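Structure record follows, encoded as structure tokens.
The values are calculated or read from the model by the stated rules, or taken from the named source; none is laboratory data. Everything numeric in this text was worked out from a predicted model, so none of it was measured. Glycine gets a Cβ as well: all are built from the backbone with ideal geometry, and neighbour counts include every protein chain shown. Ligands, DNA and RNA are stripped out before the accessible areas are found, and what is left, the full protein with its side chains, is counted by its heavy atoms. Shrake-Rupley method; radii C 1.70, N 1.55, O 1.52, S 1.80 Å.
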Amino acid sequence: MTSTAPEQAVPDTAPAPAHAVELSIGGMTCASCAARIEKKLNRMDGVTATVNYATEKAKVSYADGIELTDLIATVEKTGYTAEEPPPPASATAGETEGEAAPAADGELLSLRQRLYVSLVLTVPVVLMAMVPTLQFDNWQWLSLTLAAPVVVWGAFTFHKAAWTNARHGAATMDTLVSIGTLAALGWSVWALFFGHAGMPGMRHGFEFTISRGDGSSSIYLEAAAGVTTFILAGRYLEAKSKRKAGAALRALMELGAKDVAVLRGGKEVRIPVAQLAVGDRFVVRPGEKVATDGTVVEGASAVDASMLTGESVPVDVTVGDAVTGATVNAGGRLVVEATRIGADTQLARMARLVEDAQNGKAEVQRLADRISGIFVPVVIFIAIATFGVWFGATGDTVTAFTAAIAVLIIACPCALGLATPTALMVGTGRGAQLGILIKGPEVLESTRRVDTIVLDKTGTVTTGRMQLQDVFTAPDVDKDELLRLAGALEHASEHPMAQAIAAGAADRVGSLPVPENFENVAGLGVQGVVDGHAVVVGREKLLKEWVIELPRELAEAKVAAEAEGRTAVAVAWDGEARGVLTVADAIKETSAEAVAELRALGLKPVLLTGDNQLVAESVARAVGIDEVIAEVLPQDKVDVVKRLQNEGRSVAMVGDGVNDAAALATADLGLAMGTGTDAAIEAGDLTLVRGDLRVAADAIRLSRKTLATIKGNLFWAFGYNVAALPLAALGMLNPMIAGAAMAFSSVFVVTNSLRLRSFK
């Protein structure tokens, strides 16, 4: 087994930029939009920019001589909006994030309304077009009435984006959607008002090839409305996943206490945490959260810092010790003097780490968006060329325009719009049944590449709860009697380790007696009278104060337990040492099996923890992990992940605590245990609801399978369109056949996606 300590950061010799700012970007509709903005900003002298489509933010570093207004103007000239950062305020990050939430909810609600209304209007249009028995007299006019709002209002965002891109000489999938739907609607309107399609008794004709003049009797309203609705469905699913981008920060800030009991003139006055000042003294009772970072000035207790540090054993604190905001007082009353408040606290700094990690995490562009840069202009060119060639050869405008529309319709990306969301819906639905939540399609790309998986120890490989492990007794001492007396005394203590011993004793021997003259000796243990015996339970130092020495066999058991990373608690009564109890964070029964499954997927497991080296190595041996990185501070976990990435590894991270949130966001793939904190869950790419590490292997397998399905869908969607484009251009497909081919490609995509339901 190799053990690795975090390396020291190497100072960067490059000159630091004079200024850095984060801009909120509006108007982006796909990953290619983010790439265009980033390209424009980076063309400015002295500017380095990273634009994140998922968070809709641009992180920009710029030199002296460049104004913030210059950066905003460049973004606006590219066709998008940018907002200046708000001035520094006393408001917490949680409040700032909360103010942004209603705007995001409003956008999602608007998109959902467009989708639902479009769906209701589109279904009868498609049915009437495809089922001849539903084509009553003048049915085509009802189709126009239903389809027009879908194409004009439902697809308005596509038209707006296409117009914006056109003004700046760019084309995206929005361009093709807009041109295809408007062309189909426009031709249908022409055919209805000026051609033969508006005549009573009109029925949809069906021919494999176009013929001169037949375009005036054909309408393509079902294609226009169907494409719009399918693309809206994909955009809605995408928007839902993007809405969660800032949730990690909100979850982090919500960990903190909301109010605090401050000592004023010897009396406790409860005030909001935002009103705390450095130097204020405040009271923390058992079970309460520490309001902010500070130093203990009165009292002694045990502080549960596992949500921040990953340390499974509560830390004993007394006068002079530092405590961290958002940790929980698990023992006695404390009086703390505030040393850091607001943005300077450890919790706020961790929130900034998560934000930085999210902004710096590269968004994987979807395959359709990458190809659209070439595909869209080519299709438009082919359609124009088709019109020109047919008009030049026949002199018939209707025939030429019909062939051009067939090209646009066959290329219109209906199947492309379905390729990702349908596979994602089926894959995520099946995942939910298995206790796996996948946040979005960009996550799936990462699962294919990862070769190293970093496992947080506490709450991931282990249960995160202290449990009674072994019981060692002196000669002639009954084990049940030892547990009964020690458990009775520990049951009266509030210390988490004492509660673990009491619970373990009760499970093994049943009900426990009630102690008398109980006393909690701060930092050492407990003492009292149980069934007439003077009992002492705690550290060896406490026994020595009673002039009690551990016999050789118990001392050896204590040393052996501590060598394996367990905590040893000595028990004595009536002036003699009677036994040693060991307590540890128990390893989950399924962890070893999970590690073996991860190895079978080609992943190298690494154990990463804030616990001490002995504990970490003991756990690693038990579950079959060779590489251990221990005694890592919360902020250093991000550095460890980055170091592994710099070594050329593609890193997945599994964790459950707030201390893991930034590392989960930094890793190429973040897997959050659903039994952990909201901050970790929101920062992760995959959430393992059941809290069973074996689900991590299932999650990666399901994600890879879903990704393969999406890529297969995209291949066939492009395959149908690309193969049919020459046929349409040569006049061998009329627009109706083109629409049928497009519909068939959509059916294939949906059917292929449904195969994911059988994943086991």
Restricting region 12-52 to residues that are assigned to a loop (DSSP other than H, G, I, E, B) and either touching a Cys at 6+ places or on another chain (Cβ under 7 Å) or closer than 14 Å to Lys77 by Cβ (or both), the one modelled with the lowest pLDDT turns out to be Gly27
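From the list Val535, Val454, Val443, exactly one residue is over 30 Å from Ile625 (Cβ atoms) and either open to solvent by less than 10 Å² (accessible area, probe 1.4 Å) or touching a His at 6+ places or on another chain (Cβ under 7 Å) (or both). Which is it? I'd like the intermediate steps shown before the answer.
Working: Val454 fails: over 30 Å from Ile625 (Cβ atoms); Val443 fails: over 30 Å from Ile625 (Cβ atoms).
One residue alone meets the criteria, Val535.
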(1) at pLDDT below 70; (2) farther than 30 Å from Leu644 by Cα: which one isn't true of Glu442, the others all being true? (2)
Look at Ala570 and say whether it is touching a Ser or Thr at 6+ places or on another chain (Cβ under 8 Å) and crowded, with 20+ Cβ neighbours inside 10 Å. no
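Only one of Leu607, Leu644, Leu550 is assigned to a strand (DSSP E or B) and buried (at least 17 other Cβ atoms within 10 Å of the Cβ); which?
On the way: Leu644 fails: assigned to a strand (DSSP E or B); Leu550 fails: assigned to a strand (DSSP E or B).
Step by step, each of Leu607, Leu644, Leu550 is checked, and only Leu607 is assigned to a strand (DSSP E or B) and buried (at least 17 other Cβ atoms within 10 Å of the Cβ).
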What's the number of the only condition in (1) open to solvent by less than 40 Å² (accessible area, probe 1.4 Å); (2) not in a strand (DSSP E or B) that Ala577 fails to meet? (2)
Counting only residues that are in a loop (DSSP other than H, G, I, E, B) and in contact (Cβ under 8 Å) with a residue 24 or more places away in the chain, which one in region 164-174 is most open to solvent (accessible area, probe 1.4 Å)? His168
Which count do you get for residues in region 257-269 that are in contact with a helix residue (DSSP H, G or I) (Cβ under 7 Å, 6 or more places away or on another chain) and open to solvent by 10 Å² or more (accessible area, probe 1.4 Å)? 3
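May I ask you to list the residues in region 474-495 that are assigned to a helix (DSSP H, G or I) and open to solvent by 40 Å² or more (accessible area, probe 1.4 Å)? Explain how you work it out, then say what you get.
If we filter region 474-495 for residues that are assigned to a helix (DSSP H, G or I), which is where we start, we get 479-491.
Across region 474-495, the qualifying residues are Lys479, Asp480, Glu481, Arg484, His491.
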Region 113-163, residues that are among the polar types (S, T, N, Q) and part of a loop (DSSP other than H, G, I, E, B): Gln135, Asn138
Counted residues in region 359-389 being open to solvent by 60 Å² or more (accessible area, probe 1.4 Å), over 17 Å from Gly180 (Cβ atoms) and at pLDDT 80 or above come to 1
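Out of region 222-238, which residues are open to solvent by 30 Å² or more (accessible area, probe 1.4 Å) and modelled with pLDDT under 75?
In the first step, residues of region 222-238 are kept if they are open to solvent by 30 Å² or more (accessible area, probe 1.4 Å); the result is 230, 233, 235, 237.
Within region 222-238, Arg235, Leu237 qualify.
With crowded, with 19+ Cβ neighbours inside 10 Å and farther than 18 Å from Gly195 by Cα as the only criterion, which of Val123, Val151, Val131 stands out? Spell out the reasoning first.
Working: Val123 fails: crowded, with 19+ Cβ neighbours inside 10 Å; Val131 fails: crowded, with 19+ Cβ neighbours inside 10 Å.
Unique residue meeting the criteria: Val151.
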Yes/no for Ala616 being in contact (Cβ under 8 Å) with a residue 60 or more places away in the chain, closer than 20 Å to Ser446 by Cβ and of a type in the set (Gly, Ala, Ser): no
Of all residues in region 193-212, which are surrounded by 15 or more Cβ atoms within 10 Å (Cβ to Cβ) and either in contact with a Leu (Cβ under 6 Å, 6 or more places away or on another chain) or modelled with pLDDT under 75 (or both)? Gly198, His204, Ile210
